Amino acid sequence: MNMSFTMRAENAKLLERVRDLIRNEAMPLEEEYQREVGTGDRWAYTERQTEILEGLKAKAKAEGLWNFWLTDSDKGFGLSTVEYAYFAEEMGKTPLGAEIFNCSAPDTGNMEVLERYGTEAMKQEWLKPLLAGEIRSAYLMTEPDVASSDATNVSMSCVRDGDHYVLNGEKWWSSGAGDPRCKVYITMVKTGGDDTPKHQRHSMIVVPAETPGIEILRAMEVYGHDDAPHGHMHIRFTNVRVPVENLLLGEGKGFEIAQGRLGPGRIHHCMRAIGQAEIALEQMCKRALDREAFGKKLAQLGANYDIIAECRMEIEMARLLCLKAAWYMDQGDARAAAPWISQIKVVAPRTALKVIDEAVQMFGGAGVSQDTPLATAWTHVRTLRLADGPDAVHRRQVARSELKKYTQEKV
């Protein structure tokens with residue numbers, strides 16, 4: 001099997017331009033941007049935040065560094081999943097990175113859905129401004145009253161009433177729904193009865209965020225932080241009426257769309273997590289060489305040489321696994337790619353968490369404070385171990401793949 005993780009020369013040059021913009025333009029503004037949160041309305045962008053974010057986006061767009069996630073060469077750059085992995089890693093090095101280039105979750109997945117399954121009207125109303133970075137979106141699946149790690153449990157009611165569907169129920173962890181620019185939700189709903197095959201009971205429907213009957217109950221907090229002004233919202237739908245034409249692909253097609261939606265986006269967050277690990281290791285090394293204790297540089301104390309070495313080796317292993325999963329995805333065989341995707345969904349966040357935590361240790365009290373980005377990074381990466389399903393779900397898939405090699409029985 002000829003497996004290659006190389007990048008075409010023209011895309012390597014493109015990556016260098018992305019790396020330069022992130023390192024020299026975005027990262028120097030990151031601390032100032034974060035300081036602005038909460039200086040006014042937490043769920044609105046301050047004038048300075050808007051200036052920073054839109055300024056960086058305008059610069060990226062003017063340089064043609066935009067919508068890298070579009071793999072269709074007629075509409076985007078035609079990057080392979082392997083190539084995109086290198087871009088996503090760079091974007092992961094700053095919280096501003098993905099949005100600067102219009103490569104943010106959940107927008108990339110939602111744009112894929114609208115591109116593949118949306119009507120022409122949907123594309124004009126929602127996809128066009130999303131592609132331009134003018135609005136944001138949210139993906140609503142997880143629910144508070146069922147184990148949503150098994151998506152067949154999703155229970156939000158969606159009942160046809162003439163020319164409309166009527167939605168009732170609650171969603172939570174709706175990432176990005178707190179953003180004032182969020183104008184549309186792609187929502188997983190239940191349209192089939194319990195006598196319908198379980199993977200044909202669900203559908204996806206496009207819901208304008210300002211539809212009457214939608215109530216944002218609260219912002220979910222992650223270890224005490226609300227992630228304003230992005231937010232992960234708990235939302236109630238009460239007799240929300242949505243035109244029938246907003247249903248995507250047809251009733252019972254929710255899981256089919258979900259698989260299409262996940263596309264390369266299934267491991268984008270893994271790629272970005274590796275970038276976060278790289279930044280944490282960089283900060284750890286600089287701290288180890290800058291600070292002294294007990295008459296020595298921190299690097300020379302305790303097991304810090306070993307800790308730094310282990311972090312470097314684990315990052316390299318995680319990156320290679322991520323690239324291998326990306327390579328399998330590029331071959332177009334979803335079944336063959338699945339166990340590798342499950343592996344990296346466990347390994348990438350876990351590796352990044354370990355590296356970030358070791359960096360926190362090197363910084364001492366500053367590491368858990370607002371004076372470094374490490375505490376925020378740790379919180380974000382810890383959430384990733386749940387955002388696309390808990391580790392146990394992914395490990396179960398890996399184990400089943402292994403066991404099938406040795407038995408004809410269902411495992």
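The values are calculated or read from the model by the stated rules, or taken from the named source; none is laboratory data. Note that the coordinates shown come from a computational prediction; the quantities given were computed from them, not determined experimentally. A quick note on method: Cβ atoms are made from the backbone with ideal geometry, for glycine too, and the neighbour counts reach across all protein chains shown.
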Quiz item: What pairs come up if the first residue lies in the stretch 375-386 and is hydroxyl-bearing (Ser, Thr, Tyr), the second is not in a helix (DSSP H, G or I), and their beta carbons are under 8 Å apart, counting only those six or more places apart or on different chains?
Solution: Thr376/Pro95; Thr376/His225; Thr379/Val222; Thr379/Tyr223; Thr379/His225; Thr383/Val222
Self-check item: Any hit, the stretch 375-389, residues being in a helix (DSSP H, G or I), under 22 Å from the mean Cα position of the chain (by Cα) and under 30 Å from Asn2 (Cα atoms)
Solution: no
Quiz item: Just one of the numbered conditions (1) of a type in the set (Gly, Ala, Ser); (2) at pLDDT below 95; (3) more than 18 Å from the chain's Cα centre (by Cα) is not true of Ala280; which one?
Solution: (2)
Self-check item: Residue satisfying condition, being outside the structural domain of Ala377 (by TED's automatic domain parsing), among the aliphatic types (A, V, I, L, M) and farther than 25 Å from Ile135 by Cβ, within set Val206, Val222, Val184, Val166
Solution: Val166
Quiz prompt | Hits in the stretch 247-300 (condition: surrounded by fewer than 16 Cβ atoms within 10 Å (Cβ to Cβ), within 29 Å of Met317 (Cβ to Cβ) and of a type in the set (A, V, I, L, M)) | solution = Leu289
Self-check item: Residues (more than 15 Å from Gly367 (Cβ to Cβ) and of a type outside the set (Phe, Trp, Tyr)) located in the stretch 282-301
Solution: Leu289, Glu292, Gly295, Lys296, Lys297, Ala299, Gln300, Leu301
Quiz item: Does Gly302 satisfy being without any contact (Cβ under 8 Å) to a residue 40 or more places away in the chain and either of a type in the set (A, V, I, L, M, F, W, C) or in a loop (DSSP other than H, G, I, E, B) (or both)?
Solution: yes
Quiz prompt | Residue tally, condition of a type in the set (Gly, Ala, Ser) and under 16 Å from Phe255 (Cβ atoms), over the stretch 125-154 | solution = 3
Quiz prompt | Options Leu53, Leu15: the member that is at pLDDT 95 or above and closer than 30 Å to Ile216 by Cβ | solution = Leu53
Quiz item: Taking interchain pairs and intrachain pairs at least six residues apart, which have beta carbon atoms under 8 angstrom, with the first residue in the stretch 325-339 and free of Cβ contacts under 8 Å to residues at least 40 places away in the same chain and the second among the polar types (S, T, N, Q)?
Solution: Ala337/Gln331
Self-check item: Number of the condition not met by Ser149 [criteria: (1) among the polar types (S, T, N, Q); (2) surrounded by fewer than 17 Cβ atoms within 10 Å (Cβ to Cβ); (3) under 17 Å from Asn239 (Cα atoms)]
Solution: (3)
Practice problem: Quick one: which helices (runs of 4 or more DSSP H) lie wholly within the stretch 42-156 and hold at least 3 residues that are closer than 21 Å to Ala26 by Cα and touching a helix residue (DSSP H, G or I) at 6+ places or on another chain (Cβ under 6 Å)? | Solution: 47-62, 81-91, 97-100
Quiz item: Within the set of pairs 6+ apart or on separate chains, which have a first residue in the stretch 7-29 that is over 19 Å from Leu323 (Cβ atoms), a second that is β-branched (Val, Ile, Thr) and assigned to a helix (DSSP H, G or I), and C-beta atoms under 8 Å apart?
Solution: Leu21/Ile100; Ile22/Ile100; Ala26/Ile100; Leu29/Ile52
